[in-house]
Amino acid sequence: MSTDAVYAAALDTAQRTAAPINQLSPTEEVDLATAYATQHALIARRVARGEHITGVKLGFTSRAKAQQMGVHDVILGTLTDAMRLDDDGVFARRSAIHPRIEPEVAYLLRADLDASAVDRPLSELVAAVAPAVEIIDSRYRDFRFSLADVVADNASAAAYAIGPWTPLDRTGAIDNRAVRLEVDGRIAATGSTAAILGDPGRAILAAARLGARHGFVLRAGMVLLAGAATAAVPLPDRGVVEATVTGLGGVTIRTD
Ligand code: OOG
């Protein structure tokens, strides 16, 4: 087996059994190309089991997240239908190792996103915007990793839920909207959409660029999670988590 297939098998088993593994990087020099090849091999295993790709997620688009995890570059991960929760849906805590949750902004793509997207207006690329939550769960012990480790581990993606979509032409400017994460009605994190690359709209071009460079296919109809607006907070074992973005509404998940 190739190196990326070996890594992908280990990460896949870690996710399916909720049992953490050691980082790849302390023992081996893993470059970013191998890390993305591993992620694609990992997703290919899930697709072979019947999952469908629903979109992509950006990671480390906010300074709060990059500082929290000690990494410095924006990365891309892959979302599948098995990760999707309904608004007000239930996430099974025992299916994860050490899950955390973060409030995000989601975009619904109107057009395929490739390298040519950089020359097109946002209104041609995006159909709608929504508040979202993402549950992340590193498959590495102690939630510690290098940039290559976390790319290989599909950017820690575990689950996501999306609130009501607002058509792009009805959102107004969303470059500085208040973002709030509540756990059981108590405020767990607050921030602004401005924390996401200065303006979450920049996530579209960041995804187009990274996608073209690292072999992702971004199609109209897919979802793009633009990255957390705050640091991540531990997911409660049992409880209700709600994320709201001023003017876009909110989205809720429950854990059990
Ligand atoms: C990696 C995922 C980062 C974000 O929104 O910045 C991320 C991690 O922190 O484990 O999803």
Original post:
For a label point 7 angstrom out from the Cα of D73 toward its Cβ, which stretches of segment 179-222 have the backbone nitrogen within less than 12 Å?
Top reply: 210, 213-214
Original post:
Taking θ as phi - 60°, what are the ³J(HN,Hα) couplings along segment 108-121 by the Karplus curve (6.51, -1.76, 1.60), each to the nearest whole Hz, with x for Gly and Pro?
Top reply: 9, 6, 8, 10, 4, 10, 10, 4, 6, 4, 4, 9, 10, x
Original post:
Tell me, what is the FRET efficiency for A5 and R254 to the nearest 0.05, using R0 = 41 angstrom and their Cβ-Cβ distance as r?
Top reply: 0.65
**OP:** Note the full-extension length gain between S123 and V47 as 0.36 nm times their separation in residues minus their Cα-Cα distance, in nm to one decimal.
**Re:** 24.3 nm
**OP:** In nm, give the distance between the simple-model label positions of D31 and H98, each being 7 Å from the Cα along the Cα-to-Cβ direction.
**Re:** 3.1 nm
Original post:
Say we join alpha carbon atoms closer than 10 Å with springs in a Gaussian network model of the chain; which of V56, V126, V30 then has the biggest fluctuation?
Top reply: V30
Original post:
Among A64, A173, A226, whose mean-square fluctuation peaks in a Gaussian network model of the chain (Cα, cutoff 10 Å)?
Top reply: A173
Original post:
Is the chain rounded, prolate or oblate when judged by the Cα gyration tensor, a ≥ b ≥ c being the square roots of its eigenvalues, rounded requiring a/c under 1.5 and prolate requiring a/b larger than b/c?
Top reply: oblate
**OP:** Would you mind checking segment 140-175 for residues with the amide N under 12 Å from a putative spin-label position 7 Å along Cα→C-beta of N22?
**Re:** 141
Original post:
If amide H atoms are built 1.01 Å from N in the plane of the peptide, which residues on other chains or at least 5 residues away come under 5 Å of the amide H of A127?
Top reply: L108, L109, R110
Subject >> Estimated inter-spin distance, A194 and D175, nm [label 7 Å along Cα→Cβ] >> reply: 1.0 nm
Subject >> Between segment 69-129 and segment 198-256, the Cα center-to-center distance that results, in Å >> reply: 4 Å
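Computed from the coordinates by the stated procedures, all read-outs in this text should not be read as laboratory data. Here the structure is a predicted model, which means the values were calculated and not measured. Here the Cβ is made from the backbone with ideal geometry for all residues, glycine too, and neighbour counts use every protein chain on show.
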